[in-house]
Amino acid sequence: MSTLASLEERALAELRACTEEAALRAWKARYLEGEVEQAVKKISTLPPAERPAYGKQANELKKKLKAEYESALAAEKERALARSLASAPLDVTLPGRPARRGRLHISTQTLRSIYAIFADMGFQIYRSPEVEEDETNFSLLNMPEHHPARDMWDTFHTTTPGLLLRTHTSPGQIHVMRELCPQPIRVILPGMCYRYEAITTRSEIMFHQVEGLAIGQHVTMADLKGTLTAFARRMFGDQRKVRIRSSYFPFTEPSAEVDIHCLLCKGAGCRVCKHSGWTVILGCGMIHPNVLRAVKLDPGEYQGFAFGFGVERPALLRLGVDDMRLFFENDLRFLNQFPSLSGAAA
Ligand SMILES: [Zn+2]
């Protein structure tokens, strides 16, 4: 009994000495959850005759200390609030800090303009992976191992043999053909591509590309020409001079490239157009029969055209930017100059 009385005295004295919440909580752990709890448990070890009186007193002590603790904690919380209000007055009438709104990167804005133009011509957007197998990036696109055209597309390889970062969006053609053929296809395949090459004003190791693919039973070179001329005029202006000249790609036959009059120098010749007055905007062609056969289509029955172009190049031309590297340096002084491109479907 005398132990309980001295425990009470000690506990109350310490409780009154607590001047902050952390000390109160430590007190609770030491007494309410520690010594007082132990004292209550001691009942079972006493001779039966002593148990009722001791038990009553121990439980009363527990109840009393708990009530003292709760009122001390509430009082301390009041004091803490008063201290905080006195030390840093809050003026609720001050205007708030406006949240700064971000904006879309110009590559994204340009991509969206491109989507809008092709969507009007009935093309759907098809997403395909950035990490590809050697087979889909090269072999099935008519570039077997040791094909010299692979030299044009050196890339970054993963530590898993045969897995690489795609060098173009063309492997997406294989994926979409496998999924949809023999239904007619009209899709664009946008996304990031990678090349292992020197970084210059005209080229980067990563860039966005948009691939286009149309397959059906009566698709001709005239459809290709009409589609791409319409795209070039909507993207770069009605009066833009467009020319199509023959070229070579392993996965198309015949192959062509589309040039437009350089937007920077308007045909006079400058650094970006290599002083020719023309800028190539895309490569295209009729799908090579071997590519059609790779997805088990009969080239005698089905034809199609494909095209592909970099996104940063047209953005650069539209905006009059003369250095490709600015797109990925993420320098806000550059990015903040282009709040919203006209024609971008935000
Ligand atoms: Zn030029």
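Net charge near Thr160: determine it from the other residues with C-beta under 14 Å of the C-beta of Thr160, scoring Lys and Arg +1 and Asp and Glu -1.
Value of the local net charge: -4.
Would you please give the FRET efficiency between Ala119 and Arg97, computed as 1/(1 + (r/R0)^6) with r the Cβ-Cβ distance and R0 = 30 Å, to the nearest 0.05?
0.15
In degrees from 0 to 90, rounded to the nearest 10, what is the angle of the helix 2-17 Cα long axis to the longest principal axis of the chain?
Helix 2-17 sits roughly 50 degrees off the main axis of the chain.
If R₀ is 25 angstrom, what is the calculated FRET efficiency for the pair Gln57 and Ala17, using the beta carbon separation as r and rounding to 0.05?
0.55
Only four residue types carry charge here, +1 at the Cβ of Lys and Arg and -1 at the Cβ of Asp and Glu. Report the dipole size of the chain about the Cα centre in Debye, rounded to the nearest 20.
Using only the charged Cβ atoms, the result is roughly 1040 debye.
Taking Cα pairs under 8 Å and at least six residues apart, what relative contact order does the chain come out at, in percent?
After rounding, I find 16 percent.
Lys and Arg at +1, Asp and Glu at -1: add these up for the other residues within a Cβ distance under 13 Å of Asn290 and post the number.
So the surrounding residues net to 0.
So, R0 is 41 Å and r is the distance between the beta-carbons of Glu329 and Glu253; what FRET efficiency does that work out to, to 0.05?
For R0 = 41 Å, the calculated efficiency reads 0.60.
How charged is the neighbourhood of Glu37? Take every other residue with its Cβ under 15 Å from the Cβ of Glu37, and add Lys/Arg as +1 and Asp/Glu as -1.
+4
Considering every Cα-Cα pair within the range 273-318, what fraction, in whole percent, is farther apart than 16 Å?
55
With only Lys, Arg, Asp and Glu charged, each at its Cβ (+1 for the first two, -1 for the last two), find how big the charge dipole of the range 1-64 is about the Cα centre; round to the nearest 20 debye.
200
Of Phe328, His288, Gln303, which is farthest along the charge dipole of the range 261-335 in the positive direction, counting Lys and Arg as +1 and Asp and Glu as -1 at C-beta?
Phe328
Take the Cα pairs of the range 213-275, get the Kirkwood Rh, then feed it into Stokes-Einstein at 4 °C and 1.567 mPa s and tell me D in µm²/s.
97
Could you work out how far helix 171-180 tilts from the main Cα principal axis of the chain, as a 0 to 90 degree angle to the nearest 10?
It is inclined by approximately 90 degrees.
Take Ser87, project a point 7 Å from its Cα along the Cβ direction, then tell me which residues of the range 16-30 have their backbone nitrogen under 13 Å from it.
Residues 20-21 qualify, since their backbone N sits under 13 Å from the label point.
Positive end of the dipole of the range 70-162, charges at C-beta (+1 Lys, Arg; -1 Asp, Glu), about the Cα centre: which of Ala72, Met121, Thr159 has its Cα farthest in that direction?
Farthest along the dipole direction, towards plus: Ala72.
Binning every alpha carbon pair distance of the range 217-346 at 10 Å from zero, what are the percents per bin?
11, 35, 30, 17, 6, 0
Loop only by DSSP, 11 or fewer other Cβ within 10 Å of the Cβ. Give me the GluC sites (Glu not before Pro) in the range 107-146 that pass, ordered by residue number.
Those that pass, being in a loop and sparsely packed, are Glu145.
With no solvent and one equal point scatterer per Cα, compute the Debye intensity ratio I(q)/I(0) for the chain at 0.09, 0.11 Å⁻¹ and report its log10, rounded to two decimals.
Here the Debye-derived log intensity ratios amount to -0.59, -0.76.
If packing is taken as the average number of other Cβ atoms within 10 Å across a peptide's residues, how do 293-304, 181-192 rank, most packed first?
181-192, 293-304
Placing one identical point scatterer on every Cα of the range 1-72 and ignoring solvent, what is log10 I(q)/I(0) from the Debye formula at q = 0.21 Å⁻¹?
Values returned for q = 0.21 Å⁻¹ are -0.84.
Pick out, from Gly34, Gln183, Gly226, the residue whose Cα sits farthest towards the positive end of the charge dipole of the chain, with +1 on the Cβ of Lys and Arg and -1 on the Cβ of Asp and Glu.
With unit charges placed on the Cβ atoms, the residue in question is Gly34.
Given a 1.4 angstrom probe, what's the average accessible area per residue across the chain, in square angstrom?
Per residue, the chain has 55 Å² of solvent-accessible surface.
Computed over the Cα atoms, what is the radius of gyration of the range 95-189 divided by 2.2 N^0.38 Å, N being its residue count?
Taking N as the residue count of the range 95-189, the ratio is 1.47.
Determine ³J(HN,Hα), in whole Hz, for all residues of the range 187-196 in sequence, where each value follows from phi through the Karplus function 6.51 cos²θ - 1.76 cosθ + 1.60 and θ = phi - 60°; x replaces Gly and Pro.
Result, ordered by residue: 9, 10, 10, x, x, 7, 10, 9, 9, 8 Hz.
The values are calculated or read from the model by the stated rules, or taken from the named source; none is laboratory data. In this text the structure is predicted, and so the values were computed from the model without any measurement. Cβ sites come from the backbone with ideal geometry, for glycine too, and all protein chains shown count toward neighbours. Calculation scope for accessible area: heavy atoms of the full protein, side chains included, ligands and nucleic acids excluded. Shrake-Rupley method; radii C 1.70, N 1.55, O 1.52, S 1.80 Å.
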